[in-house]
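Only one structure is covered here, and it is reproduced in the block below.
Laboratory data are not the source of any read-out in this text; all were calculated from the coordinates shown. The shown structure was predicted, so the numbers you read here are calculated from the model rather than taken from an experiment. Don't worry about glycine lacking a Cβ; one is built from the backbone with ideal geometry, like all the others, and counts go over all protein chains shown.
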Amino acid sequence: MTPSLLAAVIFTLAQPTQPAQPAVSTAASLAPASSFRASEVELPATPQGRCVAAWISMVRAGGPAECIAFETEFRAAKRLAESPIEARAARVPKLRTEFGAMTLAEVVSVAPTAIVTKIQSSTRGDMDVTFQFDADGKLDAIQIASMDPGAASEPLTAERRTAITDAAIAAVRSEYVFPEKGAAMASAVEKARDSGAYDGIIDERGLADRLTADFRAVTNDRHLRVGIAPAGDEAADHFGPDADEARRENWAFRSCEVAPGNIGVLRFDGFLADDEAKKVVDASFAFLARCDAIVFDVRANGGGSPELLDYIAGYLFEKPTLLNRMIDRNGNVIGEGVSDETVAGQRFSQDLPLFVVTSRKTFSCAEEFAYDLQSLKRATIVGETTGGGAHPVKPVRLDDRMIIRMPHLRANNPITNTNWEGDGVKPDVSVPAEQAIEKALELARATIAATKKS
């Protein structure tokens, strides 16, 4: 498999970018120094470098006070407005549980827009961790991706590094969904290439992460990614799990239960285009058929295929309903998402109260699910603003080992005439993700009680 996104943690940096300074050992930058083994690894003595070191130290060993101190120092006001600082700090122990002991193994590349690192996790193995900064030097996102043994990075010659870079430049210029932004991305990377910014990158992973960061610095399009995908590898053209993995993961459906008050709660973490996934939908909805309200939990849902979204929507609308349009880079409508006319089970009543709980990790097709139901006033969205990715991707091959996942279409909602790209889906009721289920259940019970009184 190709690298899979494990987490996206948003922080920001309070200080503006400063001129490059001599590198310093991370061991001298962190407290306590023993929080991770990094005596031979250096980060730049810049605000960006200090932020990276502080984050690693805080996640590795920091307590509540250190977490809040990090949030206070490095996070921008707009992020603080999204969720209380205490709630953000409370997520850190969960990251610590997920990633275990972390060792900073390598600083792959350093630029004003990105610091790319390799970190060894005691639970996840080798991880690529990219710290992305905006034009003002503020930390926009931390993207953590696991390394799959089948997509191991190989060394690069100077000639191949240039060829891959040139192919990526040509691809975004000719294929990206917004031609003017594609041209701007191409120009930015051309400038970096000509200045020698990539000359020190010696392996595929380092180049992929640096190109990804530099492209995203122009568009902030989190769907765009350069990656390793050897020719002939199914993963090159298939972004989801293979059939056997999907079966073992129950096609991303995690739980289906009836909460007190006769409220159904269905959690699913992906949209897989598979007839077997539709059978799981059928079984889940049959189990929930007699509920007085339903809560859909997509807080950990990273997206997938609109085909399954349309099928699920078929249960939620009495007749085929236009949900979304897809528009290409030339402004042509090349497809429409419509709720399925036929489903295997019984449709839900049109007045059944629906709630969708979201988090910052909710992304792509899962965002469309929330956005469609919200715009059609079919569901109440509860939780956090979602990740902000509305551009479907296709693989564009750069050479026999590397591809770029290219956003080539944009979503267009028939009611709002726009989408959630960059901004995410804003919840109707904003609460930290950890509290979203309980809040949705509270709202559902109140709605049911009000319906019974009337």
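A few points about this structure:
- Amide H contacts of residue 293: 264, each under 5 Å away and 5 or more positions distant or on a separate chain (H built 1.01 Å from N in the peptide plane; Pro and chain starts excluded).
- Taking the chain and dividing mean pair separation by its residue count, relative contact order in percent (alpha carbons under 8 Å, at least six apart): 13 percent
- This structure gives Rg and Dmax of the Cα atoms in Å, computed directly, and of [x] 21.5, 69; [y] 34.7, 103; [z] 22.5, 74 that value is listed as [z].
- Approximate spin-label separation residue 452-residue 286, in nm, with each point projected 7 Å along Cα-to-Cβ: 2.9 nm
- Extension gain, residue 191-residue 255: 0.36 nm per intervening residue step, less the Cα-Cα distance, totals 18.1 nm.
- Highest mean packing comes first when the peptides 205-217, 419-431 are listed by Cβ atoms within 10 Å, giving 205-217, 419-431.
- The Stokes-Einstein estimate for the stretch 132-214, based on a Kirkwood radius over Cα pairs and taken at 10 °C with 1.306 mPa s viscosity, is a diffusion coefficient of 114 µm²/s.
- Between 0 and 90°, nearest 10: helix 179-194 axis offset from the chain longest Cα axis: 20 degrees
- Using Cβ point charges alone (K and R +1, D and E -1), the dipole size of the stretch 390-440 about the Cα centre works out to roughly 280 debye.
- Cα→Cβ-extended label distance, 7 Å offset, between residue 417 and residue 429, nm: 3.2 nm
- Where only alpha carbons of the stretch 338-454 are counted, the Rg and the Dmax (Å): 17.5, 66
- Computed magnitude of the charge dipole of the stretch 303-454 (debye, nearest 20; Cβ of K, R +1, Cβ of D, E -1): 180 debye
- Angle of helix 306-316 to the longest C-alpha principal axis of the chain, folded into 0 to 90 degrees and rounded to 10: 30°.
- Estimated FRET transfer efficiency (residue 377, residue 327; beta-carbon r; R0 30 Å; 0.05): 0.80
- Counted residue by residue at 0.36 nm each, then reduced by the alpha carbon distance between them, the extension gain from residue 243 to residue 123 reaches 40.7 nm.
- Under a 5 Å amide H cut-off, with hydrogens placed 1.01 Å from N, residue 126 pairs with 121, 147 among residues at least 5 apart or on other chains.
- By the helix-only formula, in which each DSSP H run with n ≥ 4 contributes -39500 (n - 2.57) and the sum is divided by residues, the chain has a 222 nm mean residue ellipticity of -11000 deg cm²/dmol.
- Note on residue 135 and residue 170: the model spin-label points, each 7 Å out from Cα along the C-beta direction, lie 3.0 nm apart.
- Helix 64-74 axis, angle to the chain major axis (alpha carbon atoms, nearest 10°): 70 degrees
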